[in-house]
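Worksheet: one structure, shown below.
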Amino acid sequence: MWSPNKAWSNPAPAVEQIPVADVDRAWDVVVIGAGPSGSIAAGLLGRSGARTLLLEMDRFPREKCCGDGLTPDTVKFLQAIDAWPALQPHVFRHDTLKLRGAYGAELDAVMPVHSCRRAVTDAALAGWAVDGGARFVQGKAAGVTRLQDRRYRIDLFDRDEPLVARYVVLAGGCRTNLAIEYGLQEYRPSAMVALRGYVRTDRTIPFYISLIDAVQPGYGWVFPLGNGLHNIGVGFALNGRKTPGMSLRQAFGAFTSEDTIARSVTQNGEMVGARGTSWIRAGMPLSLEKANGGLLAVGEAIAATTRIDGEGVGRAVLSGRVAAEILTEALRVGNPDPALRYRKALASAMEPSYRIWHGLSYVMEHSRLVDRLIRLYKGVGLPKLIRYLYRGM
Ligand SMILES: Cc1cc2nc3c(=O)[nH]c(=O)nc-3n(C[C@H](O)[C@H](O)[C@H](O)COP(=O)(O)OP(=O)(O)OC[C@H]3O[C@@H](n4cnc5c(N)ncnc54)[C@H](O)[C@@H]3O)c2cc1C
């Protein structure tokens, strides 16, 4: 019999979240959304002395549908801003990433990868933001309007009186249309969809990504979370050359019956909790503006997640950091329109690596070629390339 306490043996740290009705009206910066992008932006702004409000519609700790994997660059970005110590006590470390191609080619890339349930990661990072001086509140933004004095009015669903801020950071992930409304994101339902569940087993399973034929044109994963708990899931891109001829549920069924590692986990384990599905706004369109006046968008709100592997936490952290640095400077010099500076800084921090990932996404659509590359280069170049791609931008 499943019991939540037993299943979630790694509980989320407590973080104080106050009702939005109880806070002041005027702020230097309001950050909308407390995923990794929003918490990092709010935590850095709080540390710089800015009066910062971190607004989150869900009560924390909250679940977030995710694979719960943390790539080496994610860790590197968190270390660079000294946020890693807040998360490190909660994560599990693995020394190898195992990759399987469509037709059975395998490779083990030796590199540190980490995993942590998102309910835990996001609570730890929101706690880091609070420790830095940001106020963390529960409330849902309904809209943002620029006022004549160039400040922003933030209307809320849960408070009659709006908030006012000099700058706004849109960090609402894939669940908000605010970035679309303000022209900072394209309208498209999503670039990817994914499904994940949790399974408990006493088998020893590697940190594993599978490209087996049964889930093409997508991929499956099994990420151990410690204490026998594993995140298992499948995802695919919706705008690639090949269209998926099956539903996510069918892909999950195919993964857990045809992939030997996924089958071993599910046959010898017990599924815990509910499965979750979500869109992923991925494949950041490089041509789009990501800011306007004093309104800056970060993380999945600008489709910062990569389209091949659905990795988005590291990119959320990095864009949150860039936004915070630009706004800290804007507050110091009194610049009401830091959008252009943000767009330039974001482009130099993120676009070079996106160009590589965009290019790779075309290679990945040819599963036979990928299998052949794994067989040919698994001893030499490929593990190096994977480490290079995840080494940080
Ligand atoms: C199934 C799946 C597997 C994935 N696996 C991985 C993985 O293993 N590793 C990885 O790095 N990435 C993974 N990703 C991608 C990753 O989850 C996202 O890229 C990441 O969460 C983006 O962070 P964010 O801060 O931009 O947005 P989010 O984490 O989505 O946070 C946005 C927050 O904003 C809040 N919000 C939204 N609208 C409002 C509003 N109007 N008012 C107030 N609050 C609001 C939401 O409640 C939410 O808490 C996966 C995604 C999916 C769906």
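Computed from the coordinates by the stated procedures, all read-outs in this text should not be read as laboratory data. This one's a predicted model, so the numbers in the text were calculated from it and none came from an experiment. As a convention, Cβ positions derive from the backbone with ideal geometry for all residues, glycine included, and neighbour counts pool all protein chains shown.
Relative to the longest principal axis of the Cα atoms of the chain, the long axis of helix 248-258 makes an angle of roughly 30 degrees.
Close amide H contacts of D158 (hydrogens built in the peptide plane, cut-off under 5 Å, sequence separation of 5 or more or a different chain): K140. Look at where the Cα atoms of segment 137-212 and of segment 23-47 average out, and the two centres are 13 Å apart. Whole-Hz Karplus values for segment 271-283 come out as 5, 10, x, 8, 6, x, 10, 7, 6, 10, 7, 10, x Hz, taken residue by residue from phi with 6.51 cos²θ - 1.76 cosθ + 1.60 and θ = phi - 60°; glycine and proline positions read x. The order of D22, D28, going from fewest to most other C-beta atoms within 10 Å of their C-beta, is D22, D28.
Helix 36-47 and the longest principal axis of the C-alpha atoms of the chain enclose an angle of approximately 40°.
Summed over qualifying helices (DSSP H, 4 residues or more, each -39500 (n - 2.57)) and divided by its residue number, the chain shows a 222 nm mean residue ellipticity of -10500 deg cm²/dmol. As a proxy for reagent exposure, V169, V30, V113 were ordered by neighbouring Cβ count within 10 angstrom, fewest first; the result is V113, V30, V169.
Below 8 Å between Cα atoms, with a sequence gap of 6+, how large is the relative contact order for segment 4-389 in percent? Relative contact order comes out at 21 percent. Over all orientations, the chain has a Cα convex hull whose mean projected area works out to 18.1 square nanometres. Shown here for segment 122-225: chymotrypsin sites (Phe, Trp or Tyr not before Pro) in loop regions (DSSP other than H, G, I, E, B) with at most 14 other Cβ atoms within 10 Å, namely F157, Y187. Measure nothing fancy, just the Cα-based angle from helix 367-377's long axis to the longest principal axis of the chain, in degrees from 0 to 90, nearest 10. Helix 367-377 sits at roughly 80 degrees to that axis. In terms of Cα to Cα distance under 16 Å, which lysines are near enough to K384, apart from those fewer than 8 places away along the same chain? Straight-line reach from K384, under 16 Å: K98. Picking from L178, P352, G269, whose Cα lies most toward the positive end of the charge dipole for segment 4-389 (charges on Cβ: Lys, Arg +1; Asp, Glu -1)? Checking the options against the dipole of segment 4-389, the answer is P352.
Taking a straight line from the alpha carbon of K290, these lysines sit under 30 Å away, with near neighbours fewer than eight places off in the same chain left out: K64, K76, K140, K242, K344. Once C-alpha pairs closer than 8 Å and six or more residues apart are averaged by separation and normalised to the residue number of segment 285-339, the relative contact order reads 40 percent.
For segment 264-367, taking Cα atoms only, Rg and Dmax work out to 17.7, 60 Å respectively. Summing charges over all other residues whose Cβ lies under 9 Å from the Cβ of V110, with Lys and Arg as +1 and Asp and Glu as -1, gives -1.
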